[in-house]
Every structure is written in C-alpha cells, then in structure tokens.
Amino acid sequence: MGRFLDGKAAVITGSTSGIGLGYARALAAEGCAILLNGFGDAAEIQSSRSALENDFGVTAIYHGADMRKPDEIKAMIDAADDAFGKVDILINNAGMQHRAPMEAFPLEVWNDMFAVNVTSAMLAIQHVLPQMKARDWGRIINTASVNSQITSPNTSGYTASKHAVMGLTKAVALETIMTGVTCNAICPGTVRTNFSEHRIDTFAKERGRDKEEIIDQFLEQKMPYHQAFKRFITVEEIAAAAVYLCSDAGAAMRGAAFTIDGGWTIR
Ligand code: NAD
C-alpha cells in the first residue's frame, strides 16, 4: 500500500537531534525523502541519516548549512533540488536559546538568535516558495514555541524571535492563501531535548539539587496544577502534528499556531 508522502521531498533544518529528527522520522515513515541539516557528531549524523533510509526505504541526505549564513541556506536548498528535483515540504526548525536579563543581553547573541530562529526561515521560504507555487502544492512549517505567545523572565531574545516566527508564519500564510501552499507554526511546550536539557541543568544548579529530583518542580512552573499532566511533551507528539499538516486534511490550516504544551498557555 502506498504511503501518503511517497514521491514528496522535505528539507528540515536543525534535524540532527530532538524535534527536527522526530519530524524527519515521522515524515520518512510516510514515504517522504528527507534532507537533514544541523550540527553534531559526524558519525551520529551519518547513523541518523542511514537509519531513515534503512527503516523507511526513503532517500535521505545531509547538508551542514549554518543557519546564520545566507549563502549556506541557499546551498542547502540547491542540494535538495539536485538530489530530489524539488522541495515539497520545508520545516524551519533550527533554533537557539540564550537566557540573560534584558539589560545584559549580548547584542551578538541577539543577532545570532534572530539569524537562526527567524531570518533563516525567511530565506529558506524565499528559496522554495516559487517552485511550491508553480506546482500549487507545498507545506511550510515553522517550529515556533509557547514563547510565541507568552514569555518568562530572562528570555527576551528567544521570546522576541519566536513571536517574530509567528508573525512570519501568518504573513506567508496570507500571501499564499489562494494557493495550495500552506504555512503554519507548531508551538511546543517543554520537550526533553538537548535544548531543554541545558535549562534543566541550570534550574537544578540554581537550587543546589540533583537534576532528576527537581524534574517535577521544573515542570510544575510551566504546566497548570494538574498532577496527571506533569510530564514532558514527546518528540513524537510534536512530529505527529507535522504529519497532519502535511496531509490533505491539513489543507485548511493557514497561519495557525498549533500549540502542543500540556496546557501551559491556558493558565
Ligand atoms: P535540539 O538542540 O535537539 O535541536 C536544535 C537543532 O538546531 C539541532 O539540530 C542543532 O544542530 C540545530 N542548530 C542550532 N543552531 C544551528 C545553526 N546555526 N545552523 C544549523 N542548525 C543549527 O533542540 P530541540 O528542542 O529539538 O529544538 C528544535 C526547535 O524546537 C527549536 O527551534 C526550538 O526553539 C524549538 N522548541 C523547543 C522546545 C523544547 O522544549 N525542546 C520548546 C519549544 C520550541
């Protein structure tokens, strides 16, 4: 039996680990060819890439473009075009975080964060939009965050950049509204990846406690006081949203914030 993304090709930025790799595996399971991107250990990246091919029988390539560098972003899309002949699905997922009080927020970090979290998405969209419009089919998904809607102390750069991702998502969705190209954002709550691991480390250190002992306390600050849901969101739960957005059933989703946060933002 055919899979619904057989013959389609996706570029997923920041997909060498965490949520991005989750998207890659979920789309590959539906038959989609994948371009992986991101930093990391070369042997681990190679093993993630070949696992996609072996587990799902799809073509998977890797491009190490640095999302702070416009030329490399262009080269990454060109590499996908060369390998697959097209890009049907673009997931802008690479991201960085830095915590500092507003008055001490370093400009270089702010600029890097906007380059990776926002500008790289804008550039990648610019590169793929003409061909998506020409085929009248495309799926653009931006990984935003609960920080696209709310904030917490010392996250000015991240919050501002993720609000900008949401704005970009809405603008692109409106400009493509008369086409078969959709653009949406997925807004995860706390998923246990390299990204959040660092934050949990700091949270534990600040309290002089062992990391695993403070997990409940860490989650409690984010989730409503609903004991049953005191857990991390899984990569698979996030990736399933991307699969839905790529399906025909997702065609009417336009400029939406697909929030999956265990109720964090409804408080
Ligand atoms: P992660 O650290 O596992 O993944 C981040 C990915 O981005 C990695 O592949 C990394 O190599 C890549 N990356 C970072 N800088 C890059 C650059 N300059 N060029 C190319 N690639 C780069 O963490 P994750 O949690 O999977 O993060 C993925 C996305 O999810 C990010 O946009 C993050 O903001 C968002 N997010 C994460 C959480 C969470 O709780 N983990 C919550 C909300 C949103």
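Brief remarks follow.
- Contact order for segment 120-203, expressed relative to its length and based on alpha carbon pairs under 8 Å spaced 6+ residues apart, stands at 36 percent.
- Amide hydrogen neighbours beyond the local backbone of residue 12, cut-off 5 Å, H modeled: 35, 37, 91
- FRET efficiency, residue 78 to residue 151 (Cβ-Cβ, R0 41 Å, nearest 0.05): 0.65
- Highest-fluctuation residue, 57, 22, 208 considered, GNM on the chain with Cα pairs under 10 Å: 208
- Rg ratio for the chain: its Cα radius of gyration over 2.2 N^0.38 Å, N being its residue count, equals 0.99.
- Taking the chain as the region of interest, the number of lysine pairs whose Cα atoms are within less than 13 Å, with members eight or more places apart or on different chains, is 4.
- The length gained on full extension between residue 3 and residue 198, counted as 0.36 nm times the residue separation minus their Cα-Cα distance, comes to 66.5 nm.
- Stretchable slack from residue 47 to residue 29, in nm (0.36 nm times residue separation minus alpha-carbon distance): 4.8 nm
- Amide H partners (placed H, <5 Å) of residue 138, local residues excluded: 181, 182
- Computed [θ] at 222 nm, helices only, for the chain once each DSSP H run of length n ≥ 4 contributes -39500 (n - 2.57): -14000 deg cm²/dmol
- Most positive-pole-ward Cα, 110, 249, 95, against dipole of the chain from beta carbon charges: 249
- Among 62, 214, 83 the positive-end extreme of the charge dipole of the chain (Cβ point charges): 214
- When the Gaussian network model of the chain links Cα atoms closer than 10 Å, the mean-square fluctuations of 191, 181, 109 top out at 109.
- Amide H contacts of residue 189 (H built 1.01 Å from N, under 5 Å, at least 5 apart or other chain): 260, 261
- Whole-Å distance, taken between Cα centres, linking segment 245-267 and segment 105-184: 15 Å
- Low-density loop positions, GluC sites (Glu not before Pro), segment 142-247 - DSSP coil, at most 13 other Cβ in 10 Å: none
- Charge dipole magnitude, Cβ of K and R +1, D and E -1 - the chain, Cα centre, debye nearest 20: 620 debye
- Over the chain, accessible surface divided per residue gives 44 Å², non-protein components excluded, 1.4 Å probe.
- Apportionment of accessible area to carbon and sulfur, the chain, percent (1.4 Å): 55 percent
- Only Lys, Arg, Asp and Glu carry charge here, each on its Cβ (+1 for the first two, -1 for the last two); on that basis segment 1-122 has a dipole of about 240 debye about its Cα centre.
- Ranking 2, 119, 15 by how far each Cα lies toward the positive end of the dipole of segment 1-133 (charges on Cβ) leaves 2 at the top.
The values are calculated or read from the model by the stated rules, or taken from the named source; none is laboratory data. Only a predicted model underlies this, so the values are computations on that prediction, with no experimental measurement involved. Note: ideal-geometry Cβ built from the backbone for every residue, glycine included; neighbour counts use all protein chains shown. Ligands, DNA and RNA are excluded from the accessible area calculation, which covers all protein heavy atoms including side chains. Shrake-Rupley method; radii C 1.70, N 1.55, O 1.52, S 1.80 Å.
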